[in-house]
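Data first, discussion second: the structure below is written as structure tokens.
FYI, it's all coordinate maths here, none of it is from the lab. These figures come from a predicted structure and were not determined experimentally. Reconstructed Cβ throughout: ideal geometry from the backbone, glycine too, with neighbour counts over all protein chains shown.
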Amino acid sequence: MQVGTLILFSGKMGAGKSTKSKQVSQKRNAVLISEDEWLSKLYPNQITSFEDYIRYSSLLKPLIKSHVLEILKTGTNVVMDFPANTVNQRKWFKDLINEANASNELIYLNVSNDVCLKQLEKRRLEQPERAIFDTETMFIEVSKYFQEPDQSEGFNLKIIEQNT
């Protein structure tokens, strides 16, 4: 039985993970699953803080995991626009990959803070509904938790650098 590949992303807030996930899903003819989309549809207007995001994201994960497992088992590739920004978040993905016996690709967008902040500024203008979260203050707060992925974690790691 052929199993699909799980493609996931790591990078600071504003690094371009959602944009890149859309590009990769089209290029690889893969199913794209976006955490932001699921959260906004299931919990409209209920996420008003970082703590809310953590709570609702954790509620979403069991459903998403079973859904992704079923898709991978059909031999279809899956691109997950979910953050893989901490060792703990990546462990969740690793467990999913192991359970599906799937191959994987972790794309790390190693983007400078300046570029992330410029991209957040642009996103605030293009998506005003995100303006409450896409701030420099939130970037600084969330970045405190960011942990660069390391080859020792067992992923097929691809690094994309962007500093300007």
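Data overview
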item	result
In Hz, Karplus ³J(HN,Hα) per residue of segment 3-20 (6.51, -1.76, 1.60; θ = phi - 60°; x = Gly, Pro)	10, x, 9, 9, 10, 9, 10, 10, x, 5, 3, x, 6, x, 4, 5, 4, 5
Mean separation of Cα contacts under 8 Å, 6 or more apart, over the residue count of segment 43-105: relative contact order %	24 percent
Nearest-ten-degree value, helix 113-126 long axis tilted from longest Cα axis of the chain	80 degrees
Estimated inter-spin distance, S18 and L59, nm [label 7 Å along Cα→Cβ]	2.0 nm
Gain upon complete extension [N113, Q127; 0.36 nm per residue less C-alpha separation]	3.0 nm
Exposure proxy order (Cβ contacts within 10 Å, fewest to most) of L32, L42, L72	L42, L32, L72
Charge dipole magnitude, Cβ of K and R +1, D and E -1 - segment 1-75, Cα centre, debye nearest 20	320 debye
Phi to ³J(HN,Hα) by Karplus 6.51 cos²θ - 1.76 cosθ + 1.60 over segment 71-79, Hz, x for Gly, Pro	5, 4, 5, 7, x, 8, 6, 10, 9
Residue order, fewest to most surrounding Cβ atoms within 10 angstrom, among Y145, Y56, Y108	Y145, Y56, Y108
Mean Cα-pair separation over length for segment 32-152, i.e. relative contact order, pairs under 8 Å, 6 or more apart, %	26 percent
DSSP-loop trypsin sites (Lys or Arg not before Pro) across segment 83-153, with at most 11 other Cβ within 10 angstrom	K144
Residues whose placed amide H lies under 5 Å from that of S103, excluding near-sequence neighbours	L6
Relative packing of 81-87, 24-30, which averages over residues the other C-beta atoms within 10 Å, highest first	81-87, 24-30
Per-residue [θ]222 nm for the chain (sum of -39500 (n - 2.57) over DSSP H runs n ≥ 4, rounded to 500)	-15500 deg cm²/dmol
D81 long-range amide H proximity, modeled H, under 5 Å	I33, S34, E35
Ascending count of other beta-carbon atoms within 10 Å, so fewest first, for E35, E70	E70, E35
Segment 5-162: C-alpha gyration tensor shape, a/c 1.5 cut-off, then a/b vs b/c	prolate
Out-of-range pairs (alpha-carbon distance over 25 Å; input K65/K158; K65/K144; K61/K144; K41/K158)	K65/K144; K41/K158
Leading residue at positive end of dipole, segment 5-162 (Cβ point charges), from F82, L32, G16	L32
